[in-house]
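Inspection log for the structure reproduced underneath, given as structure tokens.
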Amino acid sequence: MILNDTFYVGRFDELSTKFLLDVYRQGHRRLVKSVAGLNEDELSVFPFADKWSIKEIVFHLLDSELIGSVRFRQTITQSDRYFPFYNQDIWTKQLEYQQRDIYELKHALEMFRLLRVSNTRLLQSVKDGQWNLTGIHPERGEMTLRRLLELYADHSERHIDQILARRRFFGKPCELRVILQKRLY
């Protein structure tokens, strides 16, 4: 099923690609800061009904970054226009992210960092015309490389916001400056 994704097309047009690359690049540092100082119980608690724990959010961000890495490369090389699909809820449940320990979480954060570093360098090497290359997202339809960057820069910020809300809920707020003033969806 392809969703009508026109509701967010143009939402970030006023932002430069350089700025979005910087937001994307900062994602790892901001994610690490958002989970710093939390114990196993705080990482695992479900403060909101039918929502993921902080631990599950971190593993989801790693999954998304793995898929995003492929999508960026497919678009730049035009080697396969159809992006891979993954079901985030099935992965989170069947890969038992809630049962992972603090050491596995640290490894997930490190893998996320390495992917962000690699992807940032790749995207910084993109020539101007390549930002208009497209691929087919399984839910959003045709997307340019620029729209993919918007999606992944927004994605980590969106989930960091969720982590910060959970921290506030159980009385351990963490102040992180908002760097994207609006969300794609």
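The numbers here are math on the coordinates, done by the rules we state, and not lab data. Quick caveat: nothing in here was measured; it's all calculated off a predicted structure. FYI the Cβ positions are ideal-geometry reconstructions off the backbone, even for glycines, and counts take in every protein chain you see.
Worth a mention:
- Region 32-74 and region 119-158 have Cα centres separated by 21 Å.
- Residue 46/residue 85 FRET efficiency (R0 35 Å; Cβ-Cβ; nearest 0.05): 0.85
- A simple count of charges around residue 28, restricted to other residues whose Cβ falls under 13 Å of its Cβ and scoring Lys, Arg +1 and Asp, Glu -1, yields +3.
- Mean residue ellipticity, 222 nm, helices only, the chain: the sum of -39500 (n - 2.57) across DSSP H runs of n ≥ 4, divided by residue count and rounded to 500, is -18500 deg cm²/dmol.
- Evaluated at q = 0.12, 0.19 Å⁻¹, a Debye calculation over the C-alpha positions of region 1-91 (equal weights, vacuum) places log10 I(q)/I(0) at -0.57, -1.23.
- Cross-link reach is defined here as a Cα-Cα straight distance under 14 Å, omitting same-chain residues fewer than 8 places apart; for residue 18 the aspartates and glutamates meeting it are 128, 150.
- Pairs exceeding 21 Å between alpha-carbon atoms, taken from 51/93; 33/55; 55/182: 55/182.
- For the chain: rounded, prolate or oblate by the Cα gyration tensor [a/c cutoff 1.5]: prolate
- Loop-located trypsin sites (Lys or Arg not before Pro) across region 95-176 with a Cβ neighbour count of 16 or fewer within 10 Å are 127, with loop assigned by DSSP.
- Near residue 90, once Lys and Arg are set to +1 and Asp and Glu to -1 for all other residues with Cβ below 15 Å from its Cβ, the sum equals -4.
- Within region 22-56, chymotrypsin sites (Phe, Trp or Tyr not before Pro) in DSSP loop having at most 15 other beta-carbon neighbours inside 10 Å: 48
- Extension reserve of the residue 33-residue 139 stretch, reckoned as 0.36 nm per residue once the Cα distance is removed: 35.1 nm
- Relative contact order, percent, the chain [alpha-carbon distance under 8 Å, six or more residues apart]: 37
- Between residue 141 and 3, the built amide H atoms are under 5 Å apart, and every one of these is 5 or more places off in sequence or on another chain.
- The order of 62, 15, going from fewest to most other C-beta atoms within 10 Å of their C-beta, is 15, 62.
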